[in-house]
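Here's the structure we're looking at; comments come further down.
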Amino acid sequence: MSESIEKQVDPARRGLLVATCAVGGVAGLATAGAFVSTFQPSERAKAAGAPVEIDISGIKPGEMQVYEWRGKPVWVLKRTPEQLATLKETASEVADPESLKPYTMDLPDYCKNAANNRGHAGHEANLVVVGICPHLGCSPSQKFTPGPQPSLPDNWDGGFLCPCHGSTFDLAGRVFKNKPAPNNLDVPRYMYLSDTKIVIGKDEKGDA
Ligand code: FES
């Protein structure tokens, strides 16, 4: 979205658009069968915002799986060493490399580290983010293949592209400079129960 159009969207309408787009994104993903349907809580508990326990053992390095928490898509990407290395390149190209300007959730302390890869301490290869674009709430697409391709720069290292207005995010979910999205993708509060089991929406401090 151009800057002039961006300015025409008042905050109240933007909130509505975000909510509408996010619900649409979840519905679309559900239709496409992209969600993993092994949620532990009941539907009623989920609607109330209960934490969700997920099993990430089936995700291969370099692959991502989509889960659902509070009606939002939550992505878990198992980053390869090569993918993690790209974050050094993108650090100077993203708008908020240290995630100092949160979208709707503060970056949890256990996801802050010197590499700014936003992975959980002890499990830094795994990226866990809410897959909702901070611009107007669309769900960005995976663009993990590096190199020139439509709608992306020639030096693309892999990341995510929002199909609505072209915001791009690196493999830590950090938005690139001069894009419509004003913030990085949210990192929810979560905790590891084991190397392969995560609870989304809860950590050592309690429920999110
Ligand atoms: S919703 Fe506008 S760039 Fe993502």
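Most tightly packed first, judged by the mean number of other beta-carbon atoms within 10 Å of their residues, the peptides 171-177, 137-143, 92-98 read 171-177, 137-143, 92-98.
With the simple model of a label 7 Å out from the Cα in the direction of the Cβ, Glu204 to Met105 spans 1.8 nm. Region 143-208 and region 87-111 have Cα centres spaced 10 Å apart. Counting only Cα atoms, the size of region 155-208 along its three principal axes is 37, 21, 17 Å, in decreasing order. For region 140-196, the solvent-accessible area of protein heavy atoms averages 41 Å² per residue (probe radius 1.4 Å; ligands and nucleic acids excluded).
The values are calculated or read from the model by the stated rules, or taken from the named source; none is laboratory data. Computed from a prediction, not measured in an experiment: that's the story for all the values here. A quick note on method: Cβ atoms are made from the backbone with ideal geometry, for glycine too, and the neighbour counts reach across all protein chains shown. The area values use the complete protein model at the heavy-atom level, side chains included, leaving out ligands, DNA and RNA. Shrake-Rupley method; radii C 1.70, N 1.55, O 1.52, S 1.80 Å.
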